[in-house]
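Engineer: Right, I'll just put the structure down here and ask away after.
The values are calculated or read from the model by the stated rules, or taken from the named source; none is laboratory data. As the structure is a computational prediction, the values presented were derived from the model and not from experiment. All Cβ positions, glycine included, derive from the backbone under ideal geometry; neighbour counts span all protein chains shown. Quick note on the areas: whole protein, heavy atoms, side chains included, nothing else; ligands and nucleic acids left out. Shrake-Rupley method; radii C 1.70, N 1.55, O 1.52, S 1.80 Å.
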Amino acid sequence: IEAGDLPSHTYNAWLAQLIQQGRAPGLYLAPRWNNVLFDFLLLYSARVFGFGTGPKIAVALCALLFFWGVFSFLAAFSERSPWFLTPCIAMLTYGFIFNMGFFNYYLSIVLACFGLALLWKPEGWDWLAGLLLLALGTLAHPMGSLWFAATLGYVLMRRKFNSPWAFSVPIAAIGVFVAVHWYLVHVAEFDVSWPDRPFYLFNGFDQLVLYSSRYRFVAYFLLPIFILWIAAEFLQRRVRLKLSVPFVLAIELYVVALCATSLLPQDVRLSISAAWIGLLVSRLTVISAIFGLCILSSLQPRKWTLVATLAVAVFFFVLVFANTAQLNRLEAHAESITVALPPGTRVIPTIEAPPDSRIPFIHHVVDRACIAHCFTYSNYEPSSGQFRVRVRPGSPIAVAVARDSQEMEAGNYVVQPTDPPLTNIYQCDPADFTVLCMRILKPGETTGISGPDSEN
């Protein structure tokens, strides 16, 4: 399964096993209350089924949970089973978050969807179960739990207000994001990076734009289908202008989510030595997509929309299959190189995705290829301080400074005389990005410099 960060998670699950066995000098496991649920799932599935089968089981479980979590939330929201939205939910399940390999965040969104479905009209012990889901979601990623709590609070407040005060709730919510934006622009002293594309492109459809610009056709096809669907609903209701409560609420939630993604930064770094907290807006648009599906779930089902969205889904999954097949070839080349390396070799991959791809983390295929063969010295997880696996200065397995890890992966790091022996794995065929070569790095060389003369 090629999914961006997934090979890195798998590799670090292997490191966690080595740490527990006392075979990973300089590494240790830190207690954490977030960003660990998928890592636990991966660690124990790999322990039982091995690193070939275990991660596949863990990822398949996450995908099934995501699909049915979104399905359950839409069913609770619209008070009917949204079978006619199955193609759209399936595409979102295998959208940007899945292919980036952000599975802790993925799980937090799943658990938030189940929690919202459960507490939409709570009965009996539902609140206790909702709190348990909130705690479990926090163990996965705090952003999903924040969305869970914020959406639930928004809906409860919205139900208490009648016209003309009803719209004070979305106005207040948008005002909070405006205040956060003002603080980050005028007051915050830490590094903030803003999206490099217009805000209106982060509208939920971007979750379906993945490995090339061809995925934009998915959005181009879906947008007119949805517009015609909503127009047909308005024409049907022209005799009675009153719109359904779910439809109006879904529009509100989508507009608030769209304002949030237009006002929040893409990346944040709290200090110069810390790792970036990245792709915030790109992550949050999955929430916009879910609220967009809430709008559609409140419309009358129509056979032509099911047929049209199913055709788009077929096109989408054909593209995904073709692109992940390319990444399979890339990983096969990485395996053919790493299997021949002496045990314990420290490697630094500098592998770039095609220019029009939105999934940049393809270099992590080397991480998974290194399991039981070598160590990815530029491994970003231990030095970031955002995961269970941590590193002490001087470890022979991973670099201890987050900034050095980032520079190594970007190809900008200059090898120091004090560094351990390092091997660079890089792309060496301009016509085929899946072909890899390797070279031994010397002090003074930059990790991104490569060429035939330096091949080993």
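Engineer: Among the helices (runs of 4 or more DSSP H) confined wholly to the stretch 363-456, which include 1 or more residues that are of a type in the set (S, T, N, Q)?
Structural biologist: Result: 380-384, 402-410.
Engineer: S378 fails exactly one of the following numbered conditions: (1) crowded, with 23+ Cβ neighbours inside 10 Å; (2) within 20 Å of the chain's Cα centre (by Cα). What is the number of that condition?
Structural biologist: Of everything listed in (1) crowded, with 23+ Cβ neighbours inside 10 Å; (2) within 20 Å of the chain's Cα centre (by Cα), S378 misses just condition (2).
Engineer: Only one of these is in contact with a His (Cβ under 8 Å, 6 or more places away or on another chain), among the polar types (S, T, N, Q) and on the phi < 0 side of the Ramachandran plot: N99, N34. Name it.
Structural biologist: Answer to the check: N34.
Engineer: Could you please find all residues in the stretch 20-55 being part of a helix (DSSP H, G or I) and surrounded by fewer than 18 Cβ atoms within 10 Å (Cβ to Cβ)?
Structural biologist: Q20, F40, Y44, R47, V48, F49, G50, G52, T53
Engineer: When E79 is evaluated against the numbered criteria (1) in contact (Cβ under 8 Å) with a residue 12 or more places away in the chain; (2) under 14 Å from I1 (Cβ atoms); (3) surrounded by fewer than 18 Cβ atoms within 10 Å (Cβ to Cβ); (4) of a type outside the set (K, R), which criterion, by number, is the only one it fails?
Structural biologist: E79 satisfies every listed condition except (2).
Engineer: Name the one entry in A13, A58, A3 that is closer than 27 Å to Q326 by Cα, open to solvent by less than 20 Å² (accessible area, probe 1.4 Å) and assigned to a loop (DSSP other than H, G, I, E, B).
Structural biologist: Matching residue, one of A13, A58, A3: A3.
Engineer: Closer than 24 Å to A117 by Cα, open to solvent by 10 Å² or more (accessible area, probe 1.4 Å) and touching a residue at least 40 places away in the same chain (Cβ under 8 Å): does that describe F84?
Structural biologist: yes
Engineer: Sticking with this one: Pull up the stretch 420-441, narrow it to residues that are surrounded by fewer than 16 Cβ atoms within 10 Å (Cβ to Cβ) and free of Cβ contacts under 8 Å to residues at least 40 places away in the same chain, then point me to the one that is nearest to I397 (Cα to Cα).
Structural biologist: I440
Engineer: Can you tell me which residue is nearest to D206 (Cα to Cα) among those in the stretch 308-359 that are outside any helix (DSSP H, G or I) and open to solvent by 60 Å² or more (accessible area, probe 1.4 Å)?
Structural biologist: D356
Engineer: Go through (1) surrounded by 12 or more Cβ atoms within 10 Å (Cβ to Cβ); (2) hydroxyl-bearing (S, T, Y); (3) modelled with pLDDT of 90 or more and name the single condition Y183 misses.
Structural biologist: That leaves (1) as the condition not met.
Engineer: Sticking with this one: If A402 meets every condition in (1) modelled with pLDDT of 90 or more; (2) buried (at least 18 other Cβ atoms within 10 Å of the Cβ); (3) within 18 Å of L422 (Cβ to Cβ); (4) out of contact with any Pro (no Cβ under 7 Å at 6 or more places or on another chain) apart from one, which number is that one?
Structural biologist: (1)
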